[in-house]
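Chemist: Structure incoming, see below.
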Protein chains: 2
Amino acid sequence: MSKERPTIADVATRAGVSKGAVSFALNGRPGLAQTTVDRILAAADELGWRPSNRARSLSVSKAFALGLVITRDPGVLSSDPFFPAFIGGVESVLAPRGQALVLQVVAPGEGEEAGYRRLAQDGRVDGVFLSDLRHNDPRIDLLTSLGLPAVTLNRPEVPSPFPAVCLDDRPGTIAVVQHLVELGHRRIAHVAGPQDFVHATARTEAFVSALAEAGLQPAAIETSDFTAIGGIESTKRLLALPDRPTAIVYANDRMAIAGMGAAQQAGLRIPDDLSVAGFDDSELAEFVHPGLTTVRADPHAFGEAAARTLNQLIDGDGSAVPDVELPPARLIIRRSTANLEDS
Amino acid sequence: MSKERPTIADVATRAGVSKGAVSFALNGRPGLAQTTVDRILAAADELGWRPSNRARSLSVSKAFALGLVITRDPGVLSSDPFFPAFIGGVESVLAPRGQALVLQVVAPGEGEEAGYRRLAQDGRVDGVFLSDLRHNDPRIDLLTSLGLPAVTLNRPEVPSPFPAVCLDDRPGTIAVVQHLVELGHRRIAHVAGPQDFVHATARTEAFVSALAEAGLQPAAIETSDFTAIGGIESTKRLLALPDRPTAIVYANDRMAIAGMGAAQQAGLRIPDDLSVAGFDDSELAEFVHPGLTTVRADPHAFGEAAARTLNQLIDGDGSAVPDVELPPARLIIRRSTANLEDS
DNA sequence: GTGAGCGATTAAACCGGTTTAAACACTCAC
DNA sequence: GTGAGTGTTTAAACCGGTTTAATCGCTCAC
């Protein structure tokens, strides 16, 4: 067998037609007799021919790939349960279509813009996912000026030229608060994520409004950074409060688990002395001691929906692509939250 | 300003030379007068021209991209501290060279081979990283037959056609065992990873031989799967042993943290009743309660070295690319290991 | 019998680079 | 003055597809 892979010309010769005819047959374009199409496809099959991505890329000016730029410190990225599952969902859409995923991990503030710019200018991708959406996110204007299609994960507050795929974090957060209120808690604090992230403020607002719904005020709100160390520091400050909260709602599991460790180290028993809830349902949440009450979304479905939407936008005829709303996150109750024994 | 990006023909016209001359100038090939080269580069600069990746890909038959296939359950992949940092290291090498990273996440046993095949046949990448190397790894033959260059992360026991980039896990494991022995432990157990992985057996063997060095036998060896749930089950079995071990060495942090939770749930105090050590130094290791004694490698450097080596192989003239040996992992002592109070 | 009309097919241009072989200009030796 | 040799430059082929415009063969109407 020859080592060289067959080209469209080989198929054409074999089927006794022109290159153009093969191209037409492959792409199912009308204007060819059915018998000819069959003959061409058979020839292609016998030769094991698959059209060259590179040649197609050049002639149709498409990359057949999508891009994901993760702007995050590698240390923080690890133990983030979102991206692996999200990427899995994306791939489940891309693979059957023969598309690829180009990934970039850049440190915050350092080369983020350059990352997108490179992806666009090198023509590496046909569109990108805009994850970790920020308020007044500069990337929206950047991508607009680069002419690179995009899909935002969650919805920016200002009208955006891009379709949004949304997984509402609020119902989950509200459920956590209601759960704690039902358990009798009245002094409930919140450790929030960085408030420049849309999903972080969404969780914070949901926390506040759910409390208000119950006629309560936040015991305190600490703005942290989603990291373990940040969670610990915030926790220490909360525990040092004159009127110590009886429950803490963290904006993610990592801060919650770390915060739980800090509380335990300070001699508090969980959940007897302090109830703790997280957000994400990361793998460890179930298995730390005590198991962490948290909120579980479906990042895999998120990835699927985002990929499908982005492809719609790319393939589209210019008509607007509708936003997608995913089913909200669910409360997962474990041992880290319990009845308030005495207030 | 025109929306169209300039092509090599535009630059040629502007500099008053032929397309070929521009190509020569760009690639620094000899045979052009210096003054001409300068003129061409100036023209390219003024036009803001950057050669099209797609066109180059087609004519030189290269993708200017590397591939990483992660064969892992997304649930297990999350909270794995290795890959984000590894990818960060890879990118730090690729970005300046204008290369991209194509990522695939596939579930174990499901489409792994297809993943590599697709990457190769679509000409998406010029080479791939072979991570989570297994014994008699079928991917080595697969890639050989696909003609796709590769670098193995760690060294297969059989001679391989690919260069290996190695981070020896043994010194770290040995250090853990020595540390425990010095603390007075004599009944030390091990929770291992799946023994088809090279790095898993390396840790197990190091565990056994380090104990032997101290004149000891393993209290028990549980083969687990690197997951939290697996770590818990193994831990329960170990704790139910007639001669319960006083220390457990886990093959990764995730199993260690989950195992620690299980032990605590069973009423054991750590480290008073049981010492626990992990492997990886994941973000949470420092912050769980008590802080986890573990072993820290440098996945970022691993990624850098792997990318550099793979590029050497791809760019190379066919001469052998030497294996790379990275500095071994270091022991990080925290609160989860302590003196044996009474034996 | 001729031309219009139509479906099927193809030749050739094109995408934007790289690379080969040939042409060119110039100097130098004999 | 001719030929060889050297250093520059270019025209054209090539990579492997897609796409446009033209051509071909055929039927049918008049």
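Chemist: Out of all the residues in region A:24-34, is one or more of a type outside the set (Gly, Ala, Ser), in a loop (DSSP other than H, G, I, E, B) and either more than 10 Å from DNA strand C (Cβ to nearest atom) or in the same structural domain as residue A:123 (by TED's automatic domain parsing) (or both)?
Modeler: Within region A:24-34 (the criterion being of a type outside the set (Gly, Ala, Ser), in a loop (DSSP other than H, G, I, E, B) and either more than 10 Å from DNA strand C (Cβ to nearest atom) or in the same structural domain as residue A:123 (by TED's automatic domain parsing) (or both)), the answer is yes, since at least one residue qualifies.
Chemist: Further question: Of everything in region A:257-280, what is without any contact (Cβ under 8 Å) to a residue 60 or more places away in the chain, of a type in the set (A, V, I, L, M, F, W, C) and either assigned to a strand (DSSP E or B) or touching a Ser or Thr at 6+ places or on another chain (Cβ under 9 Å) (or both)? Give them in sequence order. Spell out the reasoning first.
Modeler: Kept after step one, since they are without any contact (Cβ under 8 Å) to a residue 60 or more places away in the chain, are these residues of region A:257-280: A:257-258, A:261-269, A:273-274, A:278.
Keeping just the survivors that are of a type in the set (A, V, I, L, M, F, W, C) gives A:257-258, A:262-263, A:266, A:268, A:274.
Across region A:257-280, the qualifying residues are A:257, A:258, A:262, A:263, A:266, A:274.
Chemist: Taking residue A:38 as meeting all but one of (1) within 16 Å of DNA strand D (Cβ to nearest atom); (2) farther than 27 Å from residue A:311 by Cβ, write down the number of the exception.
Modeler: Residue A:38 satisfies all of (1) within 16 Å of DNA strand D (Cβ to nearest atom); (2) farther than 27 Å from residue A:311 by Cβ except (1).
Chemist: Considering (1) crowded, with 19+ Cβ neighbours inside 10 Å; (2) within 16 Å of DNA strand D (Cβ to nearest atom); (3) in a helix (DSSP H, G or I); (4) within 9 Å of chain B (Cβ to nearest Cβ), say which one residue A:21 fails and leave the rest.
Modeler: In the conditions (1) crowded, with 19+ Cβ neighbours inside 10 Å; (2) within 16 Å of DNA strand D (Cβ to nearest atom); (3) in a helix (DSSP H, G or I); (4) within 9 Å of chain B (Cβ to nearest Cβ), residue A:21 misses (4) alone.
Chemist: Of all residues in region B:145-155 being modelled with pLDDT of 95 or more and not in a loop (DSSP other than H, G, I, E, B), which is nearest to the chain's Cα centre (by Cα)?
Modeler: Once the filter is applied, the top-ranked residue is B:153.
Chemist: Kindly indicate the residue of region A:1-18 that is near DNA strand C (Cβ under 9 Å from one of its atoms) and part of a helix (DSSP H, G or I) and also surrounded by the fewest Cβ atoms within 10 Å (Cβ to Cβ) among those meeting that condition.
Modeler: Checked region A:1-18; the qualifying residue surrounded by the fewest Cβ atoms within 10 Å (Cβ to Cβ) is A:12.
Chemist: Can you tell me which of (1) surrounded by 13 or more Cβ atoms within 10 Å (Cβ to Cβ); (2) assigned to a helix (DSSP H, G or I); (3) within 13 Å of DNA strand C (Cβ to nearest atom); (4) of a type outside the set (Val, Ile, Thr) is the one residue B:85 doesn't meet?
Modeler: Of the numbered conditions (1) surrounded by 13 or more Cβ atoms within 10 Å (Cβ to Cβ); (2) assigned to a helix (DSSP H, G or I); (3) within 13 Å of DNA strand C (Cβ to nearest atom); (4) of a type outside the set (Val, Ile, Thr), the odd one out for residue B:85 is (3).
Chemist: Continuing with this model, one more query. Do you know which of the residues in region A:302-313 that are crowded, with 20+ Cβ neighbours inside 10 Å and not polar (S, T, N, Q) is farthest from residue A:169 (Cα to Cα)?
Modeler: A:310
Chemist: Tell me which residues, restricted to region A:26-35, are within 12 Å of DNA strand D (Cβ to nearest atom) and of a type outside the set (A, V, I, L, M).
Modeler: The answer is A:27, A:28, A:29, A:30, A:31.
Chemist: If residue A:58 passes every condition in (1) more than 14 Å from chain B (Cβ to nearest Cβ); (2) within 13 Å of DNA strand C (Cβ to nearest atom) but one, which one does it miss?
Modeler: Condition not satisfied by residue A:58: (1).
Chemist: Within region A:215-233, restricting attention to residues that are within 14 Å of chain B (Cβ to nearest Cβ) and not charged (D, E, K, R), which residue is farthest from residue A:283 (Cα to Cα)?
Modeler: This residue is A:224.
Chemist: Scan region A:98-138 for residues that are surrounded by fewer than 22 Cβ atoms within 10 Å (Cβ to Cβ), more than 11 Å from chain B (Cβ to nearest Cβ) and in contact with an Asp or Glu (Cβ under 8 Å, 6 or more places away or on another chain) and jot them down.
Modeler: Once the filter is applied, which keeps residues that are surrounded by fewer than 22 Cβ atoms within 10 Å (Cβ to Cβ), more than 11 Å from chain B (Cβ to nearest Cβ) and in contact with an Asp or Glu (Cβ under 8 Å, 6 or more places away or on another chain), region A:98-138 yields A:108, A:134, A:135, A:138.
Chemist: What are the residues in region B:139-168 that are at negative phi, within 14 Å of another protein chain (Cβ to nearest Cβ) and of a type outside the set (Val, Ile, Thr), if any?
Modeler: Within region B:139-168, B:145, B:146, B:148 qualify.
Chemist: Now for a separate question. Just checking, how many residues over region B:234-255 are more than 11 Å from chain A (Cβ to nearest Cβ) and in a helix (DSSP H, G or I)?
Modeler: 5
Chemist: Let me ask something else. In region A:51-64, what count of residues is obtained for those that are of a type in the set (A, V, I, L, M) and out of contact with any helix residue (DSSP H, G or I) (no Cβ under 8 Å at 6 or more places or on another chain)?
Modeler: Adding up the residues that qualify gives 1.
Chemist: Looking at A:80, A:45 in this structure, which one is at the interface with chain B (Cβ under 8 Å from one of its Cβ atoms) and of a type outside the set (A, V, I, L, M)?
Modeler: Just one listed residue meets the conditions, A:80.
Chemist: Conditions: (1) more than 12 Å from DNA strand D (Cβ to nearest atom); (2) away from chain B (no Cβ under 14 Å). Residue A:63 meets all but one. Number of the miss?
Modeler: (2)
Chemist: Only one residue in A:158, A:128 is modelled with pLDDT of 95 or more, more than 19 Å from residue A:256 (Cβ to Cβ), assigned by TED's automatic domain parsing to the domain that holds residue A:307 and not in a helix (DSSP H, G or I), so which one is that? Let's see the steps before the verdict.
Modeler: On the way: A:158 fails: modelled with pLDDT of 95 or more.
After applying the criteria, what remains is A:128.
Chemist: Let me ask something additional. Conditions first: (1) closer than 21 Å to residue B:270 by Cα; (2) more than 14 Å from every other protein chain (Cβ to nearest Cβ); (3) of a type outside the set (S, T, N, Q). Residue A:263 passes all but one, so which condition is the exception?
Modeler: Going through the list (1) closer than 21 Å to residue B:270 by Cα; (2) more than 14 Å from every other protein chain (Cβ to nearest Cβ); (3) of a type outside the set (S, T, N, Q), residue A:263 breaks only (2).
Chemist: Further question on the same structure: Looking at (1) part of a helix (DSSP H, G or I); (2) under 39 Å from the mean Cα position of the chain (by Cα); (3) within 16 Å of DNA strand D (Cβ to nearest atom); (4) more than 8 Å from every other protein chain (Cβ to nearest Cβ), find the lone condition where residue A:90 falls short.
Modeler: (3)
Chemist: Examine region A:238-253 for a residue that is more than 30 Å from residue A:127 (Cβ to Cβ), among the basic types (Lys, Arg) and in contact (Cβ under 8 Å) with a residue 12 or more places away in the chain, and state whether such a residue exists. Before the answer, list the steps.
Modeler: Initial filter on region A:238-253 (more than 30 Å from residue A:127 (Cβ to Cβ)): A:238-250, A:253.
Then drop every residue that is not among the basic types (Lys, Arg), which leaves A:244.
Then keep just the ones that are in contact (Cβ under 8 Å) with a residue 12 or more places away in the chain; that gives A:244.
Yes, region A:238-253 contains at least one residue that is more than 30 Å from residue A:127 (Cβ to Cβ), among the basic types (Lys, Arg) and in contact (Cβ under 8 Å) with a residue 12 or more places away in the chain.
Chemist: Look through region B:24-40, keep the residues that are of a type in the set (A, V, I, L, M) and buried (at least 16 other Cβ atoms within 10 Å of the Cβ), and return whichever of them is nearest to residue B:59 (Cα to Cα).
Modeler: B:26
Chemist: Within region A:7-17, work out how many residues are within 7 Å of DNA strand D (Cβ to nearest atom) and not aliphatic (A, V, I, L, M).
Modeler: The number of residues fulfilling the criteria is 1.
The values are calculated or read from the model by the stated rules, or taken from the named source; none is laboratory data. Computed from a predicted model, the values in this text were never measured in an experiment. Ideal geometry is used to build each Cβ from the backbone, glycine not excepted, and the neighbour counts take in all protein chains shown.
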